[in-house]
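A short write-up of the structure that comes next.
The values are calculated or read from the model by the stated rules, or taken from the named source; none is laboratory data. Quick caveat, the model's predicted, so the values are computed rather than measured. Cβ placement follows ideal geometry from the backbone for every residue including glycine, while neighbour counts extend to all protein chains displayed. For the accessible areas, the whole protein counts, side chains as well, though only heavy atoms, and no ligand, DNA or RNA atoms are used. Shrake-Rupley method; radii C 1.70, N 1.55, O 1.52, S 1.80 Å.
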Amino acid sequence: MAHAHVTATPERSRTLLTRARILEAARQQLGRDPDSSLGDIAEAAGVVRRTVYGHFNGRAALVEGLVEDAAQALRQALAVPRAPAADAVTELARFVLAVWPVGDRYRILLRLAPQDLGPERVTEVLSPAREMAEAIISRGRRQRVFQTCAPPAVLNRALESYLLGLLECVNSGVWSDDGTGTATAALIAMGVDADSAARCVHGLVRAEGDTA
């Protein structure tokens with residue numbers, strides 16, 4: 001039995017690599033043309049269409065593969081250990097800096113037709129980020145560093161829409177950012193003074209650069 005396991009490992013590795021290559025080709029191809037066919041994606045991946053069907057039984061399954069990759073990347077980004085922040089402003093800036101690269105990488109999902117990505121699946125994928133953001137916003141409300149004219153749940157959804165809107169702007173070519181501009185804008189949208197927001201974000205980026 002042990003021998004069978006050892007001989008199966010290289011084949012399993014090749015299968016996973018092929019799957020990853022197809023998903024990466026799909027991410028790039030759908031970014032260029034959201035209506036790309038499986039044939040277009042197979043060509044971009046350098047495989048025959050039959051190989052794509054061997055991993056994904058149709059467009060819906062392929063999109064779900066991308067969604068699951070995005071969900072896993074988001075969970076990993078949120079799970080990175082960080083030193084506790086003394087204030088909610090710093091905490092929210094860290095949050096946006098962590099999730100923006102994931103959103104930027106998988107922003108093509110926003111361009112797909114509604115039937116490709118149902119609202120229930122969107123809720124499931126974004127749930128960990130929504131919970132963390134709402135906790136940070138609640139803390140900021142208690143510290144009186146964020147605007148208090150709306151409940152945390154409402155501010156949280158507004159922040160989410162704001163970030164998704166910026167990702168749409170990247171898709172349309174009118175916005176490009178490594179996360180620093182987005183984090184600064186998010187803090188300002190929550191009611192933080194512009195200069196304070198910029199100092200906070202750039203201080204975090206410098207600190208991460210020093211520890212890299």
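Assorted remarks:
- Estimated vicinal HN-Hα couplings, Hz - the range 48-55 in sequence order (Karplus 6.51, -1.76, 1.60; Gly, Pro = x): 7, 4, 4, 5, 4, 5, x, 9
- I136 accessible area, assembled protein chains, probe 1.4 Å, Å²: 10 Å²
- Nonpolar atom fraction for the chain, defined as the carbon and sulfur part of the 1.4 Å probe accessible area, stands at 55 percent.
- Accessible-area order (highest first, 1.4 angstrom probe) of the listed residues C200, C149, C169: C149, C169, C200
- Membrane-span-like helices in the chain (whole DSSP H runs, Cα extent of at least 20 Å along the helix axis, mean Kyte-Doolittle hydropathy of at least 0.0): 59-79, 88-105, 152-172.
- Length-normalised contact order for the chain - Cα pairs under 8 Å, 6+ apart - percent: 20 percent
- Surface accessible to a 1.4 Å probe, per residue, for the residues of the range 143-212, Å²: 55 Å²
- Here the chain is treated as a sphere whose radius is the Kirkwood value from Cα pairs; by Stokes-Einstein at 4 °C and 1.567 mPa s it diffuses with a coefficient of 68 µm²/s.
- Heavy-atom accessible area ranking, 1.4 Å probe, most first, across E168, E120, E91: E120, E168, E91
- Taking Cα centre as origin and charging only the Cβ of basic (Lys, Arg, +1) and acidic (Asp, Glu, -1) residues, the dipole magnitude of the range 18-85 rounds to 220 debye.
- Rounded to the nearest 20 debye, dipole of the range 135-204 from Cβ charges on Lys, Arg, Asp, Glu: 460 debye
- Of the residues V154, V99, ranked by 1.4 Å probe accessible area with the largest first, the sequence reads V154, V99.
- For the range 29-103, the spread of Cα positions along the three principal axes, ordered from largest to smallest, is 54, 22, 19 Å.
- Rounded to the nearest 10 Å², the accessible area of E11 at probe 1.4 Å: 100 Å²
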